[in-house]
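Here's the structure we're looking at; comments come further down.
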Amino acid sequence: MKAIIYSDRNIECERVEQLLKSVQFDSLVTYYLDDDFNNTQFQAEFGCDASYPQITIGTEHVGGLKDTLHYLTNKGLIS
């Protein structure tokens, strides 16, 4: 399974990246604001109210850090 992080390099982005590395997905890709996308593209994809990080696992947009914690717990990937 593939995980994608959209990051602006804040502390929550760093935390979710470490969390997803510990789950050992087949592939983990991090896209960075201003390197891989701009804020206009981010807002077009996730909405004007979206905050960083935003995470996609497989083909499902999971959401932010808390959403990702709930998702991984519900899937039995973390406890």
Count of residues meeting criterion [of a type outside the set (Lys, Arg) and within 28 Å of Ser79 (Cβ to Cβ)] in segment 20-48 | 10
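Condition test on Glu17, is it in contact with a Phe, Trp or Tyr (Cβ under 8 Å, 6 or more places away or on another chain), open to solvent by less than 90 Å² (accessible area, probe 1.4 Å), within 20 Å of Ser79 (Cα to Cα) and not polar (S, T, N, Q)? Reasoning before the result, please.
On the way: in contact with a Phe, Trp or Tyr (Cβ under 8 Å, 6 or more places away or on another chain): no; open to solvent by less than 90 Å² (accessible area, probe 1.4 Å): yes; within 20 Å of Ser79 (Cα to Cα): yes; not polar (S, T, N, Q): yes.
No, not satisfied.
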Can you list the strands (runs of 3 or more DSSP E) found entirely within the chain that contain at least 3 residues being without any contact (Cβ under 8 Å) to a residue 24 or more places away in the chain and in contact with a helix residue (DSSP H, G or I) (Cβ under 9 Å, 6 or more places away or on another chain)?
-> 60-63
Of the conditions (1) within 12 Å of the chain's Cα centre (by Cα); (2) open to solvent by less than 90 Å² (accessible area, probe 1.4 Å), the single one that Lys66 does not satisfy is (2)
Given the conditions (1) over 10 Å from the mean Cα position of the chain (by Cα); (2) open to solvent by 40 Å² or more (accessible area, probe 1.4 Å); (3) modelled with pLDDT of 95 or more, and given that His61 satisfies all but one, which numbered condition is not satisfied?
-> (1)
For segment 20-39, the count of residues that are touching a Lys or Arg at 6+ places or on another chain (Cβ under 9 Å) and either of a type outside the set (D, E, K, R) or crowded, with 17+ Cβ neighbours inside 10 Å (or both) equals 6
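Taking Ser51 as the residue in question, decide whether it is open to solvent by 50 Å² or more (accessible area, probe 1.4 Å) and within 13 Å of Leu72 (Cα to Cα).
Details: open to solvent by 50 Å² or more (accessible area, probe 1.4 Å): yes; within 13 Å of Leu72 (Cα to Cα): no.
The answer is no for Ser51.
The values are calculated or read from the model by the stated rules, or taken from the named source; none is laboratory data. Model, not experiment: these values are computed from the prediction. Here the Cβ is made from the backbone with ideal geometry for all residues, glycine too, and neighbour counts use every protein chain on show. Accessible surface areas use protein heavy atoms only, side chains included; no ligands, DNA or RNA. Shrake-Rupley method; radii C 1.70, N 1.55, O 1.52, S 1.80 Å.
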